1. Where does segment B:194-305 land on Rg(C-alpha)/(2.2 N^0.38 Å)?
2. For an R0 of 51 angstrom, estimate the FRET efficiency from the Cβ-Cβ distance between residue B:83 and residue B:46 and round to the nearest 0.05.
3. Residue B:232 to residue B:344: FRET efficiency via 1/(1 + (r/R0)^6), r the Cβ-Cβ distance, R0 22 Å, to the nearest 0.05?
4. Evaluate the distance, in nm, between pseudo-label points positioned 7 Å from the Cα of residue B:242 and of residue B:295 along their respective Cα→Cβ axes.
5. Over chain A, how many percent of alpha carbon pairs lie in each 20 Å bin up to the one with the longest distance?
6. For segment B:1-126, what is the convex hull volume of its Cα atoms per residue in Å³?
7. Enter the Cα centre distance for the pair segment A:134-174 and segment B:208-273, rounded to the nearest angstrom.
8. Measure out, as a whole number of angstrom, how far apart the alpha-carbon centroids of segment B:12-35 and segment A:232-277 sit.
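What follows is calculated from the coordinates using simple rules that are stated; it is not laboratory data. Since we're looking at a predicted model, the values are computed, not measured. Here Cβ is always computed from backbone atoms with ideal geometry, including for glycine, and neighbour counts include all displayed protein chains.
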């Protein structure tokens with residue numbers, strides 16, 4: 001117990017928690033926007049892979065770090081558009097389409113990577129995003145390391161939380177997005193296009209997911225590996241339900257998950273002799289299931305989630 | 001203006017032709033990545049065909065690859081019919097394999113006539129166990145089974161790695177994370193001498209035929225369809241939905257477990273953490289291509305296995321990444337999904353169709 005307390009009091013632990021939470025923040029926000037508008041996006045796992053591969057490769061080819069981020073964003077949007085076309089105007093099964101997008105996005109990323117780099121055993125590295133160094137702030141005790149020595153992408157994620165919260169709760173656009181997810185007929189009656197709002201929500205949400213992937217190759221690591229996303233997308237789908245589709249709670253959920261993951265890594269090094277390391281590796285996935293179960297019963301699902309809507313049919 | 005209207009009924013021919021067209025389109029699509037990799041697609045297709053049908057050995061390899069896909073395809077098809085989204089076949093496959101090596105590698109030194117059936121039954125049970133928690137959490141707490149089964153895949157694979165470095169590790173294995181081999185009398189007998197295709201394929205086909213008759217001609221099959229198509233009506237008809245769901249879940253998990261049994265006791269002989277190159281996920285594609293029909297699962301498995309084996313052999317001959325196979329498989333899933341739309345709906349120009357909805 002003392003060990004855990006000691007860990008919880010260090011600034012490096014909290015800095016790691018926020019770092020681990022960053023891709024999840026992007027992912028949960030993306031999934032949240034899709035689901036708020038009425039569409040489940042199980043393409044998330046594959047879109048993470050696409051973001052990770054494309055962002056990294058664009059940077060490696062000389063587009064610069066922010067150029068890479070833009071490429072990842074656009075690639076995520078592209079796969080989101082496919083999912084949007086299949087699930088919104090065509091109204092096809094959101095489960096199957098999402099899984100199809102995940103398989104498609106993952107395999108096309110792997111194929112492209114292998115084709116571009118046929119015979120490399122250790123992948124080429126890029127110069128990733130560096131921790132910010134803000135005069136005075138970065139040198140503050142505790143807060144300095146936790147908040148002000150993160151990379152720009154972590155800050156972008158935090159800004160996105162505010163932005164998504166603001167759009168959803170304080171603008172007419174947000175009202176429309178929530179309405180198409182709850183009662184599309186009411187939106188249609190006001191003369192707005194249900195199709196357009198839902199499709200844009202999926203496209204933008206998917207683009208955000210891809211940024212989560214890009215964080216992995218451009219900030220957390222400096223190269224692309226097969227299997228590096230490793231279920232992070234699915235964790236986000238669980239966290240959205242835990243967050244009951246609210247951006248603020250999504251941030252808290254991602255941070256809790258990040259803290260838990262950072263804790264298990266540290267406990268693993270301290271208690272590795274007593275317990276097999278795999279017990280700790282399993283823990284984050286178990287935690288996601290527990291979070292899902294706790295939240296599921298009282299979950300206030302967007303009412304039109306999973307329900308296709310066709311114009312002119314009531 | 002054009003508008004989309006549902007058809008009165010889906011024609012029988014379209015349920016057969018749509019998957020075929022989807023398969024052809026996905027193979028044609030493969031030309032794009034082949035050209036972008038700098039190769040001639042025609043030569044690549046010929047290489048693929050040679051790799052699948054060029055010799056008895058090639059066909060044997062393809063059928064060997066199709067065997068686990070039939071099991072996971074059936075697992076997905078049965079679950080999806082009841083709208084139970086079991087995406088956890090990958091994990092359940094490993095549970096089946098764990099059970100197979102646990103009892104099969106010397107724990108019971110029984111003659112083949114007892115040992116192989118024991119391995120099969122326990123492997124299926126282990127796979128079924130993998131569905132107990134997700135189904136209970138769904139029924140009791142409303143926890144989405146898509147997420148729980150997906151996350152369980154990761155948990156089970158880490159659990160397997162733990163076993164392979166601990167209690168299941170082969171003491172003669174020089175420290176590699178692999179299990180002890182299954183006893184000879186616990187292995188599926190080969191179907192052809194000196195070929196890898198084994199009698200697990202026969203088991204898979206028999207189970208597909210049984211599943212076909214159960215779905216078409218039994219009360220259980222009727223309940224399955226009722227629960228999937230309209231669960232509130234099924235409830236009114238006096239069907240115990242939760243019990244039906246549990247039954248479907250256990251069957252689905254058990255079939256996925258058998259995929260692991262057949263891979264480990266039919267092909268590899270021992271268990272490693274990379275036993276399955278995604279058979280669980282490919283099973284979903286198989287089930288969708290099959291239109292959730294068990295007989296269709298056999299045909300779709302042969303197609304998907306051909307893509308994998310063909311792409312492998314083409315990859316060796318031409319140096320194109322074998323991830324091409326995964327690409328073709330995923331495109332075929334998206335194509336069959338769109339094909340299903342075309343079968344169910346027709347596009348009419350406004351004014352020419354019925355104006356019922358306006």
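1. Expressed relative to 2.2 N^0.38 Å, the Cα Rg reads 1.22.
2. The pair residue B:83/residue B:46 has a calculated efficiency of 0.75.
3. Once rounded, the FRET efficiency stands at 0.50.
4. 3.8
5. All Cα pairs, binned at 20 Å, distribute as 33, 56, 11, 0 percent.
6. 239
7. Answer, in whole Å: 48.
8. Rounded to whole Å, the Cα centres lie 41 Å apart.
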